[in-house]
Amino acid sequence: EKHYSESYPLSGKNILITAGPTYEAIDPVRFIGNHSSGKMGYELAEAALNLGAQVTLVSGPTHLNLERTNLELIRVTSAEEMYEKVESRFSEADVFISAAAVADYRPATVANKKIKKTSEDPVIQLTKTRDILASMGERKQHQKLVGFALETNDELENARKKLKKKNLDFIVLNSLNDKGAGFKSETNKVSIIYPDSKKDFELKSKKEVAQDIIKEIVDLLNA
Ligand code: CTP
Ligand code: CA
């Protein structure tokens, strides 16, 4: 017979996940954002729940929804809000998976009234957002940290740099070179990069990719 711990290897584990884009306000009606669907983060949450985990999903604006026992879904808009929610839950987490496409920059100031069209072309000054994953990398103790990387060139080298710089246990490299992989598609081809090794996976659905990633996390926690 199958033991409980085999069916639910993440039972008693707290998994914190970010998903989706962030929107950075320009004025009350406009923002800077990106095309992330949030699908990968939500699939990761489901895969972790199915293995018995307690999941906190901090989600940027998406059309997705997930209602499950053992899931806390927290909706946020901006990178700063996402940072605050992640930061407040990090100490209780066993694993943090950063699947969100966090905006790298936000407008330096937010106009409090809708910006009017004028004869001059406006210039929007941008400033860096906080790197949520790198910040958690700095304060990590027992937590396992997993990041994502989407690169167009020098993929492996760039992904390895991020793995090291952000103090991660592994990073999931999304291959853009293959048809049917990337932001809006239903499928992904990924490599999982560890400090001293690499695993290449086949092109598959985001649900299956999420299951592969969660299996790696189970192994990591058991190691
Ligand atoms: N990330 C984050 N907070 C940010 C930017 C990125 O938590 N402000 C996380 C992402 O969720 C992802 C990882 O860092 O897991 C790598 O994101 P990516 O955009 O690939 O790398 P950057 O460090 O932002 O560098 P660049 O965009 O210049 O490649
Ligand atoms: Ca980035």
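General remarks:
- Pair list, Cβ < 9 Å and 6+ apart or interchain, from the stretch 98-118 residues that are within 29 Å of LEU150 (Cβ to Cβ) and within 16 Å of ligand 1 (Cβ to nearest atom) to residues that are basic (Lys, Arg) and assigned to a loop (DSSP other than H, G, I, E, B): SER98/LYS166; VAL102/ARG130
- Failed condition for GLN125, given (1) touching a Ser or Thr at 6+ places or on another chain (Cβ under 9 Å); (2) loosely packed, with under 11 Cβ neighbours inside 10 Å; (3) under 23 Å from SER37 (Cβ atoms): (3)
- PRO9 meets all of the listed conditions (1) part of a strand (DSSP E or B); (2) surrounded by fewer than 23 Cβ atoms within 10 Å (Cβ to Cβ) but one, namely (1).
- Any pair with Cβ under 6 angstrom, 6 or more apart, that starts in the stretch 4-32 at a residue that is touching a residue at least 60 places away in the same chain (Cβ under 8 Å) and ends at one that is of a type in the set (Asp, Glu): LYS13/ASP94; ASN14/GLU92; ASN14/ASP94; ILE32/GLU24
- Test: residue in the stretch 31-45 that is crowded, with 16+ Cβ neighbours inside 10 Å, within 11 Å of ligand 1 (Cβ to nearest atom) and assigned to a helix (DSSP H, G or I): yes
- One residue stands out among those in the stretch 57-85 that are within 16 Å of ligand 2 (Cβ to nearest atom) and aliphatic (A, V, I, L, M): the one that is surrounded by the fewest Cβ atoms within 10 Å (Cβ to Cβ), which is ALA79.
- Scanning the stretch 96-129 for residues that are assigned to a loop (DSSP other than H, G, I, E, B) and either more than 16 Å from ligand 2 (Cβ to nearest atom) or within 15 Å of ALA25 (Cα to Cα) (or both) yields a count of 22.
- If the condition is being in a loop (DSSP other than H, G, I, E, B), more than 21 Å from ASN50 (Cα to Cα), at pLDDT below 95 and not aromatic (Phe, Trp, Tyr), then the stretch 159-195 contributes LEU176, ASN177, ASP178, LYS179, GLY180, ALA181, GLY182, LYS184, SER185, LYS189.
- Residue count for the stretch 128-164, restricted to those that are of a type in the set (Val, Ile, Thr) and more than 12 Å from ligand 1 (Cβ to nearest atom): 0
- Scanning the stretch 40-88 for residues that are closer than 24 Å to ARG106 by Cα and of a type in the set (D, E, K, R) returns ARG75, GLU80, GLU81, GLU84, LYS85, GLU87.
The values are calculated or read from the model by the stated rules, or taken from the named source; none is laboratory data. Values in this document were obtained by computation on a predicted structure and should not be read as measured data. In this analysis, Cβ positions are derived from the backbone assuming ideal geometry, glycine residues included, and neighbour counts consider all displayed protein chains.
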